[in-house]
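Below is one structure, written out as C-alpha cells; the observations come after it.
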Amino acid sequence: MRDEQFQNWLEAMDPRLARFEDFLMPTSWTKGFTRESLEELEQYMLERWPDRESFQNDGDSDWIDGAMRYIGEAYLRIAGGGWYLDNRPDVAFRGQPVIRPDTIDGFPIAPANFLGVLLKRRTGHELAKVYDGQLRQVQRRRDVEGPDWEPKRLPIPGYYSEQDPGDTPERDAWAARVDERIAALRTHAGEHGTQLDLSPQSLTVLERLSQLDLTAATIDVRSADGAEVVARYASYLGAVLLQQAPGRWILRPGEPGTDPFVGHPFVKRLDENGLWRAGLVHSAVERLADQHEPGLFAKVLHAYAG
C-alpha cells in the first residue's frame, strides 16, 4: 500500500466499518468494539475457516478489510493512538496499516497479521488477550503520568475529526431532493402512505413495500427508473435515521462501481465519543433488492443511532 492509497483507506473508515458491522457479520453479532465482540469475531472466523489455507484461498478481501479495521479500532478506543503506514524497507509491517497505541511502548500492532495467527492457534481468545494487554498498558502509563491521564486518540479525516471530506456538491444535490422523493414514495404507496410517518416503526412497512417494488419483474435497479425507485427508499430510510439521531447526508462523487461508497449516498453523525457513525441506507436498499433479509432496515437504524 502506498501513502496516497493509505490516505484514501483512512478516509473510507466510517462507511467501511459500517458495512462490516451491518452487512458482513451475522445479525446476532454483539458489535460495539467491545472485548466480547472481538471474541465473537474470532469465533466466527474459526467456524468459517478451518485453517489459514482455506482463509487465503477464499480471498474475501471485503471481509478482511472490514475485520482489520474493526480490530484496530477496538484497540484504539481503549488505548488511544492512531493508524500509521511505514514503507521503509527495514520495518516489520512494511506497507500494512498498523496502529500505535498511546502507551509507554507504543508497539505497533498489525491487525491483518492477527487474522492468520488466530486461525493457526485456534484458541478463540487471541484478540481478547491483546485487548486485555492494552488495558494493562494503559494502566501502566496512568501509574506513571498520574490518575487523571487518559489515552489520546489521533484524528482520522472524516472519521475521528470534525472535518468531513464527504461534503460535496453532489451531496447537496442529493439532499435537496430527499423531501421530494419521500413525498413521491408516499403517493406511490397508496393507502399505506399514511403509515410512512418517519417513525422507527414505519420501517417495517417500508421494508415490505420495497420488497414488492424492487423484486418486481418490471424493475431493473440498474436502469434510470430503477435507480430512482432505490433513491426514494434510500431517502426515506436516511430521513428516519437522521430524525432519530441528527447527522448529515454524505455523497462521495464518482461512478458507482467496485467501491460501494462512491456514488452511493449515506448518512453519518458524530457519536458521544467524537467518532463518526455511518448508516449505509442506499446500500441497504440495494441489498434488500438482491436478497430478502427481514429486519435489515431496523438493523441499520440500530447501528447508526445506537
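The values are calculated or read from the model by the stated rules, or taken from the named source; none is laboratory data. Computed from a prediction, not measured in an experiment: that's the story for all the values here. Glycine also receives a Cβ, built like all others from the backbone with ideal geometry; neighbour counts cover every protein chain displayed.
Numbers at a glance
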item	result
Meets criteria (over 18 Å from Ala278 (Cβ atoms) and outside any loop (DSSP other than H, G, I, E, B)) for Ile104	no
The range 179-195, subset among the small types (Gly, Ala, Ser) and free of Cβ contacts under 8 Å to residues at least 12 places away in the same chain, residue farthest from Leu241 (Cα to Cα)	Gly190
The range 264-281 - residue that is in contact with a Ser or Thr (Cβ under 9 Å, 6 or more places away or on another chain) and free of Cβ contacts under 8 Å to residues at least 60 places away in the same chain and, of those, surrounded by the fewest Cβ atoms within 10 Å (Cβ to Cβ)	His264
So Tyr70, is it touching a Pro at 6+ places or on another chain (Cβ under 7 Å), within 21 Å of Leu275 (Cα to Cα), assigned to a helix (DSSP H, G or I) and of a type in the set (Phe, Trp, Tyr)	no
Check on Ser199, on the phi < 0 side of the Ramachandran plot, at pLDDT 95 or above and out of contact with any Pro (no Cβ under 6 Å at 6 or more places or on another chain)	yes
Of residues in the range 1-16 being in contact with an Asp or Glu (Cβ under 9 Å, 6 or more places away or on another chain) and under 17 Å from Tyr84 (Cα atoms), the one modelled with the lowest pLDDT	Ala12
Test: residue in the range 237-253 that is touching a Pro at 6+ places or on another chain (Cβ under 8 Å), at pLDDT 95 or above, more than 30 Å from Leu76 (Cα to Cα) and surrounded by 15 or more Cβ atoms within 10 Å (Cβ to Cβ)	yes
Single match in Leu24, Leu10, Leu38, Leu46 (criterion: over 22 Å from Gly124 (Cα atoms) and assigned by TED's automatic domain parsing to the domain that holds Gln139)	Leu10
Residue match in the range 62-85 (condition: without any contact (Cβ under 8 Å) to a residue 24 or more places away in the chain and out of contact with any helix residue (DSSP H, G or I) (no Cβ under 9 Å at 6 or more places or on another chain))	no
Test: Asp3 is touching a residue at least 60 places away in the same chain (Cβ under 8 Å), farther than 23 Å from Val267 by Cα and surrounded by fewer than 19 Cβ atoms within 10 Å (Cβ to Cβ)	yes
The lone exception for Tyr84 - which of (1) of a type outside the set (S, T, N, Q); (2) at positive phi; (3) touching a strand residue (DSSP E or B) at 6+ places or on another chain (Cβ under 6 Å) it fails	(2)
Top-ranked residue of the range 37-59 - restricted to ones that are surrounded by 14 or more Cβ atoms within 10 Å (Cβ to Cβ) and without any contact (Cβ under 8 Å) to a residue 60 or more places away in the chain, ranked as nearest to Tyr304 (Cα to Cα)	Ser37
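Residue by residue, here is whether (1) modelled with pLDDT of 95 or more; (2) farther than 29 Å from His282 by Cβ; (3) not aliphatic (A, V, I, L, M) holds:
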position	(1), (2), (3)
Ala18	no, no, no
Met25	no, no, no
Glu42	yes, yes, yes
Gly82	no, yes, yes
Asp90	no, yes, yes
Phe93	no, yes, yes
Ile109	no, yes, no
